[in-house]
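Okay, so here's the structure we're looking at.
The values are calculated or read from the model by the stated rules, or taken from the named source; none is laboratory data. These figures come from a predicted structure and were not determined experimentally. Cβ atoms come from the backbone with ideal geometry, glycine included; neighbour counts cover every protein chain shown. With ligands, DNA and RNA removed, areas are computed over all heavy atoms of the protein, side chains included. Shrake-Rupley method; radii C 1.70, N 1.55, O 1.52, S 1.80 Å.
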Amino acid sequence: MAERILMTNGKLKVTDNPIIPFIEGDGVGRDIWKNAQAIFDKAVEVAYGGQRRIEWQEFLAGKKAFDKTGEWLPQETLEAIRESLVAIKGPLETPVGGGIRSLNVALRQELDLYACVRPVRYFEGVASPLKEPEKTDITIFRENTEDIYAGIEWEAGTVDVERVITFFQTEMNVDKIRFPKSSSIGIKPISIEGSKRLIRSAIDYALKNNLKKVTLVHKGNIQKFTEGGFRKWGYEVAEEEYKEEMLAGHLEVNDIIADNFLQQILLNPEKFDVVALTNLNGDYASDALAAQVGGIGISPGANINYQTGHAIFEATHGTAPDIADQDRANPCSILLSGCMLLEYIGWSEAAELIISSIEKNFKSGIFTADLAFGKRAYSTSGFSNQILSII
Ligand code: NAI
(Lines give C-alpha, C1' and ligand atoms only; values in the text may rest on other atoms or scores of the structure.)
Protein backbone atom coordinates (compact mmCIF):
# COMPACT_ATOMS: atom_id res chain seq x y z
CA MET A 1 0.00 0.00 0.00
CA ALA A 2 1.26 3.46 -0.87
CA GLU A 3 2.42 5.46 2.14
CA ARG A 4 3.62 8.95 2.82
CA ILE A 5 7.28 9.61 3.51
CA LEU A 6 7.88 10.41 7.16
CA MET A 7 10.68 12.01 9.13
CA THR A 8 11.51 10.07 12.28
CA ASN A 9 14.47 10.88 14.55
CA GLY A 10 15.94 13.17 11.93
CA LYS A 11 15.84 10.47 9.23
CA LEU A 12 13.51 10.00 6.29
CA LYS A 13 11.41 6.86 6.42
CA VAL A 14 10.61 5.75 2.88
CA THR A 15 8.64 2.60 2.09
CA ASP A 16 8.86 0.70 -1.23
CA ASN A 17 5.73 2.50 -2.43
CA PRO A 18 5.97 6.14 -1.33
CA ILE A 19 3.39 8.77 -2.22
CA ILE A 20 5.05 11.72 -3.96
CA PRO A 21 3.02 14.77 -5.01
CA PHE A 22 3.89 16.39 -8.31
CA ILE A 23 2.96 19.71 -9.86
CA GLU A 24 3.05 19.39 -13.63
CA GLY A 25 3.84 23.06 -14.19
CA ASP A 26 2.68 25.49 -16.85
CA GLY A 27 3.98 25.98 -20.39
CA VAL A 28 6.75 23.47 -21.14
CA GLY A 29 5.88 21.76 -17.86
CA ARG A 30 3.23 19.99 -19.93
CA ASP A 31 5.89 18.77 -22.38
CA ILE A 32 8.54 17.69 -19.90
CA TRP A 33 6.58 16.18 -17.01
CA LYS A 34 4.82 13.35 -18.86
CA ASN A 35 8.09 12.22 -20.42
CA ALA A 36 9.99 12.54 -17.16
CA GLN A 37 7.44 10.57 -15.17
CA ALA A 38 7.71 7.63 -17.55
CA ILE A 39 11.51 7.73 -17.19
CA PHE A 40 11.41 7.87 -13.39
CA ASP A 41 9.03 4.91 -13.28
CA LYS A 42 11.13 2.80 -15.64
CA ALA A 43 14.36 3.59 -13.77
CA VAL A 44 12.80 2.62 -10.43
CA GLU A 45 11.35 -0.57 -11.89
CA VAL A 46 14.65 -1.64 -13.45
CA ALA A 47 16.81 -0.63 -10.48
CA TYR A 48 14.73 -2.57 -7.95
CA GLY A 49 13.34 -5.40 -10.07
CA GLY A 50 9.75 -4.18 -9.67
CA GLN A 51 10.01 -4.16 -5.84
CA ARG A 52 9.63 -0.41 -5.58
CA ARG A 53 7.25 2.03 -7.21
CA ILE A 54 6.44 5.69 -6.70
CA GLU A 55 2.78 6.58 -6.26
CA TRP A 56 2.66 9.94 -8.05
CA GLN A 57 -0.21 12.24 -6.99
CA GLU A 58 -0.95 15.36 -8.97
CA PHE A 59 -1.60 18.66 -7.20
CA LEU A 60 -2.30 21.97 -8.82
CA ALA A 61 -0.39 25.24 -8.77
CA GLY A 62 0.22 28.08 -11.22
CA LYS A 63 -1.94 28.84 -14.24
CA LYS A 64 -3.37 25.32 -14.40
CA ALA A 65 -4.57 25.74 -10.81
CA PHE A 66 -5.95 29.19 -11.50
CA ASP A 67 -7.90 28.00 -14.54
CA LYS A 68 -9.39 25.05 -12.63
CA THR A 69 -9.90 26.48 -9.15
CA GLY A 70 -9.54 30.26 -9.36
CA GLU A 71 -6.48 30.11 -7.09
CA TRP A 72 -2.81 30.20 -8.07
CA LEU A 73 -1.66 28.16 -5.08
CA PRO A 74 -4.53 26.16 -3.59
CA GLN A 75 -4.30 25.36 0.11
CA GLU A 76 -4.79 21.68 -0.73
CA THR A 77 -1.50 21.67 -2.65
CA LEU A 78 0.40 23.22 0.23
CA GLU A 79 -1.12 20.76 2.69
CA ALA A 80 -0.30 17.78 0.47
CA ILE A 81 3.36 18.80 0.29
CA ARG A 82 3.43 19.59 3.99
CA GLU A 83 2.16 16.09 4.76
CA SER A 84 4.12 14.18 2.14
CA LEU A 85 7.44 15.99 2.79
CA VAL A 86 8.88 15.42 -0.68
CA ALA A 87 7.48 16.79 -3.95
CA ILE A 88 8.55 17.68 -7.47
CA LYS A 89 7.36 20.53 -9.65
CA GLY A 90 7.59 21.89 -13.16
CA PRO A 91 7.89 25.62 -13.89
CA LEU A 92 5.02 27.88 -12.84
CA GLU A 93 3.67 30.93 -14.59
CA THR A 94 3.99 33.93 -12.29
CA PRO A 95 0.70 35.81 -11.89
CA VAL A 96 1.01 39.29 -13.37
CA GLY A 97 -0.14 42.11 -11.11
CA GLY A 98 -1.44 41.81 -7.53
CA GLY A 99 -1.78 38.80 -5.26
CA ILE A 100 1.16 36.44 -4.88
CA ARG A 101 4.47 37.96 -5.96
CA SER A 102 6.01 34.59 -6.81
CA LEU A 103 4.55 31.11 -6.32
CA ASN A 104 8.00 29.63 -5.88
CA VAL A 105 8.86 32.11 -3.16
CA ALA A 106 5.49 31.43 -1.47
CA LEU A 107 6.20 27.66 -1.43
CA ARG A 108 9.69 28.21 -0.03
CA GLN A 109 8.43 30.53 2.68
CA GLU A 110 5.44 28.39 3.69
CA LEU A 111 7.62 25.32 4.22
CA ASP A 112 10.73 27.22 5.37
CA LEU A 113 12.82 25.56 2.65
CA TYR A 114 16.02 27.29 3.65
CA ALA A 115 18.52 25.58 1.36
CA CYS A 116 18.40 26.02 -2.39
CA VAL A 117 20.63 23.22 -3.66
CA ARG A 118 21.97 23.29 -7.21
CA PRO A 119 24.50 20.70 -8.34
CA VAL A 120 26.37 21.99 -11.39
CA ARG A 121 28.33 19.48 -13.45
CA TYR A 122 29.40 19.11 -17.03
CA PHE A 123 28.08 16.47 -19.41
CA GLU A 124 30.49 15.43 -22.15
CA GLY A 125 29.33 16.59 -25.57
CA VAL A 126 27.39 19.63 -24.38
CA ALA A 127 28.57 22.97 -25.82
CA SER A 128 30.18 25.22 -23.21
CA PRO A 129 31.92 28.60 -23.30
CA LEU A 130 34.77 27.13 -21.22
CA LYS A 131 37.92 25.47 -22.60
CA GLU A 132 37.82 22.74 -19.98
CA PRO A 133 34.20 22.57 -18.82
CA GLU A 134 34.71 19.10 -17.32
CA LYS A 135 36.55 20.77 -14.44
CA THR A 136 33.26 22.26 -13.21
CA ASP A 137 31.62 20.03 -10.62
CA ILE A 138 30.25 22.24 -7.88
CA THR A 139 27.21 21.97 -5.63
CA ILE A 140 25.70 25.28 -4.62
CA PHE A 141 23.97 25.77 -1.25
CA ARG A 142 22.16 29.09 -1.45
CA GLU A 143 20.44 30.46 1.65
CA ASN A 144 16.78 30.81 0.73
CA THR A 145 14.99 32.73 3.46
CA GLU A 146 16.99 35.82 4.42
CA ASP A 147 19.04 38.63 2.92
CA ILE A 148 17.75 41.46 0.80
CA TYR A 149 15.21 38.90 -0.54
CA ALA A 150 13.21 39.03 2.69
CA GLY A 151 11.22 41.73 0.88
CA ILE A 152 11.64 44.41 3.54
CA GLU A 153 11.85 47.58 1.49
CA TRP A 154 10.29 50.99 1.10
CA GLU A 155 9.86 52.94 -2.10
CA ALA A 156 11.47 56.34 -2.68
CA GLY A 157 9.11 59.26 -2.20
CA THR A 158 6.66 57.46 0.11
CA VAL A 159 5.71 58.54 3.62
CA ASP A 160 7.01 55.22 4.93
CA VAL A 161 10.50 55.58 3.50
CA GLU A 162 10.64 59.11 4.87
CA ARG A 163 9.86 57.73 8.35
CA VAL A 164 12.50 55.04 8.00
CA ILE A 165 15.15 57.52 6.84
CA THR A 166 14.26 59.99 9.59
CA PHE A 167 14.58 57.18 12.14
CA PHE A 168 18.04 56.28 10.82
CA GLN A 169 19.18 59.89 10.86
CA THR A 170 17.78 60.94 14.22
CA GLU A 171 17.86 57.73 16.29
CA MET A 172 20.78 55.86 14.76
CA ASN A 173 23.10 58.76 13.82
CA VAL A 174 23.23 57.63 10.20
CA ASP A 175 24.60 60.40 8.01
CA LYS A 176 25.67 58.32 5.02
CA ILE A 177 22.46 58.19 3.01
CA ARG A 178 23.75 60.12 0.02
CA PHE A 179 20.37 61.36 -1.28
CA PRO A 180 17.93 61.04 1.65
CA LYS A 181 15.05 62.78 -0.12
CA SER A 182 15.02 60.40 -3.08
CA SER A 183 16.24 57.05 -1.75
CA SER A 184 14.44 53.75 -1.59
CA ILE A 185 15.55 51.64 1.35
CA GLY A 186 15.94 47.85 1.60
CA ILE A 187 16.89 45.83 4.66
CA LYS A 188 19.27 42.86 4.64
CA PRO A 189 18.73 40.52 7.59
CA ILE A 190 21.35 37.77 7.99
CA SER A 191 21.07 35.71 11.17
CA ILE A 192 23.25 33.31 13.12
CA GLU A 193 20.59 30.56 12.94
CA GLY A 194 19.86 31.14 9.26
CA SER A 195 23.53 31.09 8.30
CA LYS A 196 24.48 28.17 10.50
CA ARG A 197 21.68 25.84 9.41
CA LEU A 198 22.51 26.47 5.75
CA ILE A 199 26.25 25.99 6.21
CA ARG A 200 25.70 22.90 8.36
CA SER A 201 23.60 21.41 5.54
CA ALA A 202 26.34 22.20 3.02
CA ILE A 203 28.96 20.49 5.20
CA ASP A 204 26.75 17.44 5.81
CA TYR A 205 26.15 17.14 2.07
CA ALA A 206 29.90 17.36 1.39
CA LEU A 207 30.71 14.66 3.94
CA LYS A 208 27.91 12.38 2.73
CA ASN A 209 29.14 12.65 -0.85
CA ASN A 210 32.86 12.32 -0.02
CA LEU A 211 33.56 15.87 -1.11
CA LYS A 212 36.29 17.59 0.84
CA LYS A 213 36.09 21.32 0.25
CA VAL A 214 33.31 23.57 1.54
CA THR A 215 33.78 27.21 0.58
CA LEU A 216 31.92 30.11 2.20
CA VAL A 217 31.29 32.76 -0.46
CA HIS A 218 30.59 36.26 0.89
CA LYS A 219 31.09 40.02 0.65
CA GLY A 220 32.26 40.34 4.24
CA ASN A 221 35.01 42.75 3.23
CA ILE A 222 32.33 45.42 2.67
CA GLN A 223 29.23 44.23 4.55
CA LYS A 224 30.99 43.42 7.81
CA PHE A 225 28.12 42.24 9.99
CA THR A 226 25.80 40.59 7.47
CA GLU A 227 28.07 38.94 4.89
CA GLY A 228 30.95 39.01 7.38
CA GLY A 229 28.66 37.35 9.93
CA PHE A 230 27.82 34.59 7.46
CA ARG A 231 31.56 33.89 7.07
CA LYS A 232 32.28 34.06 10.81
CA TRP A 233 29.34 31.84 11.80
CA GLY A 234 30.30 29.38 9.07
CA TYR A 235 33.75 28.93 10.58
CA GLU A 236 32.13 28.60 14.01
CA VAL A 237 29.92 25.73 12.79
CA ALA A 238 32.98 24.01 11.31
CA GLU A 239 35.06 24.46 14.49
CA GLU A 240 32.32 23.54 16.93
CA GLU A 241 30.65 20.66 15.11
CA TYR A 242 33.09 19.20 12.57
CA LYS A 243 36.51 19.42 14.24
CA GLU A 244 37.06 15.65 14.04
CA GLU A 245 36.29 15.49 10.33
CA MET A 246 38.65 18.38 9.68
CA LEU A 247 41.48 16.86 11.73
CA ALA A 248 40.98 13.54 9.95
CA GLY A 249 41.43 15.36 6.63
CA HIS A 250 37.90 14.61 5.40
CA LEU A 251 36.78 18.23 5.44
CA GLU A 252 38.33 21.55 4.57
CA VAL A 253 36.35 24.76 5.13
CA ASN A 254 37.59 27.97 3.54
CA ASP A 255 36.13 31.22 2.26
CA ILE A 256 36.32 33.53 -0.71
CA ILE A 257 35.00 36.99 -1.52
CA ALA A 258 32.08 36.78 -3.93
CA ASP A 259 33.58 38.82 -6.78
CA ASN A 260 36.74 36.74 -6.76
CA PHE A 261 34.53 33.62 -6.69
CA LEU A 262 32.88 34.69 -9.95
CA GLN A 263 36.37 34.94 -11.51
CA GLN A 264 37.61 31.68 -10.07
CA ILE A 265 34.65 29.59 -11.29
CA LEU A 266 35.71 30.56 -14.82
CA LEU A 267 39.47 30.28 -14.31
CA ASN A 268 39.84 27.45 -11.77
CA PRO A 269 36.46 25.77 -11.17
CA GLU A 270 38.21 22.64 -9.89
CA LYS A 271 39.04 24.57 -6.71
CA PHE A 272 35.47 24.13 -5.46
CA ASP A 273 33.36 21.15 -4.36
CA VAL A 274 30.51 22.57 -2.28
CA VAL A 275 29.88 26.29 -1.89
CA ALA A 276 27.62 28.07 0.63
CA LEU A 277 26.29 31.51 -0.20
CA THR A 278 23.87 34.11 1.08
CA ASN A 279 20.68 34.55 -0.93
CA LEU A 280 21.55 37.28 -3.45
CA ASN A 281 25.10 36.09 -4.13
CA GLY A 282 23.71 32.59 -4.52
CA ASP A 283 21.19 33.78 -7.07
CA TYR A 284 23.86 35.33 -9.31
CA ALA A 285 26.29 32.44 -8.88
CA SER A 286 23.65 29.79 -9.69
CA ASP A 287 22.93 31.19 -13.13
CA ALA A 288 26.58 31.97 -13.90
CA LEU A 289 27.59 28.42 -13.03
CA ALA A 290 24.67 26.88 -14.93
CA ALA A 291 25.70 28.81 -18.04
CA GLN A 292 29.23 27.37 -17.82
CA VAL A 293 28.01 23.84 -18.38
CA GLY A 294 25.16 24.17 -20.87
CA GLY A 295 22.61 26.46 -19.34
CA ILE A 296 19.04 26.56 -18.29
CA GLY A 297 17.59 23.42 -19.87
CA ILE A 298 19.86 21.02 -17.95
CA SER A 299 20.32 22.55 -14.52
CA PRO A 300 18.45 20.86 -11.70
CA GLY A 301 17.55 22.24 -8.30
CA ALA A 302 15.86 21.61 -5.00
CA ASN A 303 14.62 23.66 -2.08
CA ILE A 304 15.08 21.77 1.14
CA ASN A 305 14.59 22.04 4.88
CA TYR A 306 16.91 19.30 6.16
CA GLN A 307 15.51 19.64 9.67
CA THR A 308 11.86 18.90 8.86
CA GLY A 309 12.65 16.84 5.75
CA HIS A 310 10.49 19.01 3.47
CA ALA A 311 11.94 19.18 -0.01
CA ILE A 312 10.64 20.39 -3.37
CA PHE A 313 12.64 19.35 -6.41
CA GLU A 314 12.12 21.50 -9.47
CA ALA A 315 12.96 22.36 -13.01
CA THR A 316 14.96 25.54 -12.61
CA HIS A 317 13.90 27.11 -15.90
CA GLY A 318 10.65 28.99 -16.52
CA THR A 319 7.58 28.03 -18.50
CA ALA A 320 9.28 28.89 -21.85
CA PRO A 321 6.06 30.11 -23.51
CA ASP A 322 7.93 30.48 -26.83
CA ILE A 323 8.27 26.69 -27.18
CA ALA A 324 5.45 25.40 -24.96
CA ASP A 325 3.26 22.53 -26.25
CA GLN A 326 5.57 22.00 -29.23
CA ASP A 327 7.44 18.92 -27.92
CA ARG A 328 10.68 20.88 -28.18
CA ALA A 329 11.74 21.54 -24.58
CA ASN A 330 14.77 19.94 -22.98
CA PRO A 331 13.53 17.59 -20.24
CA CYS A 332 16.92 17.31 -18.49
CA SER A 333 16.33 19.93 -15.82
CA ILE A 334 13.26 18.12 -14.44
CA LEU A 335 14.93 14.72 -15.03
CA LEU A 336 18.04 15.67 -13.08
CA SER A 337 15.91 17.28 -10.37
CA GLY A 338 14.07 13.97 -10.15
CA CYS A 339 17.45 12.25 -9.79
CA MET A 340 18.19 14.56 -6.85
CA LEU A 341 14.82 13.50 -5.39
CA LEU A 342 15.64 9.81 -5.85
CA GLU A 343 19.02 10.34 -4.16
CA TYR A 344 17.35 12.31 -1.36
CA ILE A 345 15.02 9.40 -0.56
CA GLY A 346 17.92 6.95 -0.78
CA TRP A 347 17.11 5.47 -4.21
CA SER A 348 20.45 6.35 -5.80
CA GLU A 349 20.54 3.28 -8.04
CA ALA A 350 17.53 4.56 -9.98
CA ALA A 351 19.05 8.04 -10.22
CA GLU A 352 22.29 6.60 -11.58
CA LEU A 353 20.43 4.74 -14.34
CA ILE A 354 18.88 8.01 -15.52
CA ILE A 355 22.09 10.02 -15.26
CA SER A 356 24.11 7.47 -17.21
CA SER A 357 21.40 7.36 -19.91
CA ILE A 358 21.51 11.15 -20.25
CA GLU A 359 25.31 10.91 -20.50
CA LYS A 360 24.96 8.32 -23.27
CA ASN A 361 22.47 10.50 -25.15
CA PHE A 362 24.79 13.50 -25.07
CA LYS A 363 27.88 11.46 -25.98
CA SER A 364 26.09 10.12 -29.04
CA GLY A 365 25.04 13.60 -30.13
CA ILE A 366 21.39 13.29 -29.12
CA PHE A 367 20.27 16.77 -28.10
CA THR A 368 17.08 18.82 -27.93
CA ALA A 369 17.05 22.06 -29.96
CA ASP A 370 18.50 24.27 -27.20
CA LEU A 371 21.74 22.25 -27.24
CA ALA A 372 21.84 21.03 -30.85
CA PHE A 373 23.44 24.16 -32.39
CA GLY A 374 22.66 23.45 -36.02
CA LYS A 375 22.86 19.66 -35.71
CA ARG A 376 19.80 17.40 -35.75
CA ALA A 377 17.51 18.39 -32.89
CA TYR A 378 15.47 15.70 -31.10
CA SER A 379 12.00 16.44 -29.78
CA THR A 380 11.29 16.20 -26.04
CA SER A 381 9.63 12.82 -26.58
CA GLY A 382 12.32 11.64 -29.03
CA PHE A 383 15.09 12.50 -26.56
CA SER A 384 13.13 10.88 -23.72
CA ASN A 385 12.36 7.72 -25.70
CA GLN A 386 16.09 7.29 -26.31
CA ILE A 387 16.60 7.40 -22.54
CA LEU A 388 13.78 4.90 -21.97
CA SER A 389 15.37 2.54 -24.48
CA ILE A 390 18.77 2.73 -22.72
CA ILE A 391 17.57 2.24 -19.12
P1 NAI B 1 12.20 30.85 -19.23
O2 NAI B 1 13.16 30.04 -18.45
O3 NAI B 1 10.83 30.30 -19.34
O4 NAI B 1 12.76 31.04 -20.73
C5 NAI B 1 14.01 31.66 -21.03
C6 NAI B 1 14.55 31.06 -22.33
O7 NAI B 1 15.02 29.73 -22.09
C8 NAI B 1 13.50 30.94 -23.43
O9 NAI B 1 14.11 31.18 -24.67
C10 NAI B 1 13.06 29.48 -23.37
O11 NAI B 1 12.61 28.95 -24.58
C12 NAI B 1 14.35 28.80 -22.92
N13 NAI B 1 14.06 27.58 -22.13
C14 NAI B 1 13.57 27.53 -20.87
N15 NAI B 1 13.40 26.26 -20.50
C16 NAI B 1 13.80 25.49 -21.54
C17 NAI B 1 13.85 24.08 -21.75
N18 NAI B 1 13.47 23.19 -20.82
N19 NAI B 1 14.29 23.63 -22.94
C20 NAI B 1 14.69 24.50 -23.88
N21 NAI B 1 14.66 25.84 -23.75
C22 NAI B 1 14.22 26.33 -22.58
O23 NAI B 1 12.18 32.31 -18.58
P24 NAI B 1 11.19 33.54 -18.84
O25 NAI B 1 10.82 33.63 -20.28
O26 NAI B 1 11.85 34.67 -18.19
O27 NAI B 1 9.88 33.22 -17.99
C28 NAI B 1 8.67 32.67 -18.52
C29 NAI B 1 7.70 32.40 -17.36
O30 NAI B 1 8.25 31.44 -16.47
C31 NAI B 1 7.35 33.63 -16.50
O32 NAI B 1 5.99 33.55 -16.12
C33 NAI B 1 8.23 33.46 -15.29
O34 NAI B 1 7.74 34.11 -14.17
C35 NAI B 1 8.22 31.94 -15.13
N36 NAI B 1 9.38 31.39 -14.42
C37 NAI B 1 9.14 30.36 -13.56
C38 NAI B 1 10.18 29.74 -12.89
C39 NAI B 1 9.87 28.59 -11.99
O40 NAI B 1 8.71 28.22 -11.85
N41 NAI B 1 10.86 27.99 -11.37
C42 NAI B 1 11.57 30.17 -13.07
C43 NAI B 1 11.72 31.24 -14.04
C44 NAI B 1 10.65 31.82 -14.67
Query - Unmet requirement for Lys181, which otherwise passes all of (1) basic (Lys, Arg); (2) open to solvent by less than 40 Å² (accessible area, probe 1.4 Å); (3) not in a strand (DSSP E or B) - result: (2)
Query raised in the report: Looking at Glu79, Glu93, which is the one that is of a type outside the set (Val, Ile, Thr) and within 11 Å of the ligand (Cβ to nearest atom)?
Result: Glu93
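Give Asn260, Asn254 a once-over and let me know the one that is closer than 24 Å to Arg121 by Cβ, under 23 Å from the mean Cα position of the chain (by Cα) and part of a helix (DSSP H, G or I). First the steps, then the outcome.
Numbers: Asn254 fails: part of a helix (DSSP H, G or I).
None of the other options fit; the residue is Asn260.
So that you can scan it fast, the table gives a plain yes or no per residue for (1) within 21 Å of the chain's Cα centre (by Cα); (2) at pLDDT below 95:
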site	(1), (2)
Tyr114	yes, no
Ala127	no, yes
Leu130	no, yes
Asp137	yes, no
Phe141	yes, no
Tyr149	yes, yes
Trp154	no, no
Gly157	no, no
Asp160	no, no
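Could you say whether any residue in segment 230-250 is closer than 30 Å to Leu371 by Cβ and open to solvent by less than 30 Å² (accessible area, probe 1.4 Å)?
So the first thing to find is which residues in segment 230-250 are closer than 30 Å to Leu371 by Cβ, and the list is none.
No, every residue in segment 230-250 fails to be closer than 30 Å to Leu371 by Cβ and open to solvent by less than 30 Å² (accessible area, probe 1.4 Å).
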Requested in this report: With the checklist (1) more than 14 Å from the ligand (Cβ to nearest atom); (2) crowded, with 19+ Cβ neighbours inside 10 Å; (3) within 21 Å of Phe22 (Cβ to Cβ) in hand, flag the one item Ser333 doesn't pass.
Outcome: (1)
Report summary line: Here the residues within segment 341-357 that are open to solvent by 10 Å² or more (accessible area, probe 1.4 Å), closer than 25 Å to Ser379 by Cβ and either within 15 Å of the ligand (Cβ to nearest atom) or hydroxyl-bearing (Ser, Thr, Tyr) (or both) are Ser356
Report summary line: Inside segment 48-75, the number of residues satisfying the requirement of being surrounded by 20 or more Cβ atoms within 10 Å (Cβ to Cβ) and closer than 19 Å to Cys339 by Cβ is 1
Query - segment 318-330, subset of a type outside the set (S, T, N, Q) and near the ligand (Cβ under 8 Å from one of its atoms), residue nearest to the chain's Cα centre (by Cα) - result: Gly318
Query raised in the report: What's the number of the condition Thr145 fails, among (1) part of a loop (DSSP other than H, G, I, E, B); (2) within 15 Å of the ligand (Cβ to nearest atom); (3) under 21 Å from the mean Cα position of the chain (by Cα)?
Result: (2)
Report summary line: The correct count of residues that are surrounded by fewer than 24 Cβ atoms within 10 Å (Cβ to Cβ) and within 18 Å of Leu335 (Cβ to Cβ) in segment 284-296 is 4
**Report entry** In segment 208-224, the residues that are hydrophobic (A, V, I, L, M, F, W, C), open to solvent by 10 Å² or more (accessible area, probe 1.4 Å) and in contact (Cβ under 8 Å) with a residue 24 or more places away in the chain
**Finding:** Leu211
Query raised in the report: If you take the residues of segment 295-317 that are away from the ligand (no atom under 11 Å from the Cβ) and assigned to a loop (DSSP other than H, G, I, E, B), which of them is nearest to Phe383 (Cα to Cα)?
Result: His310
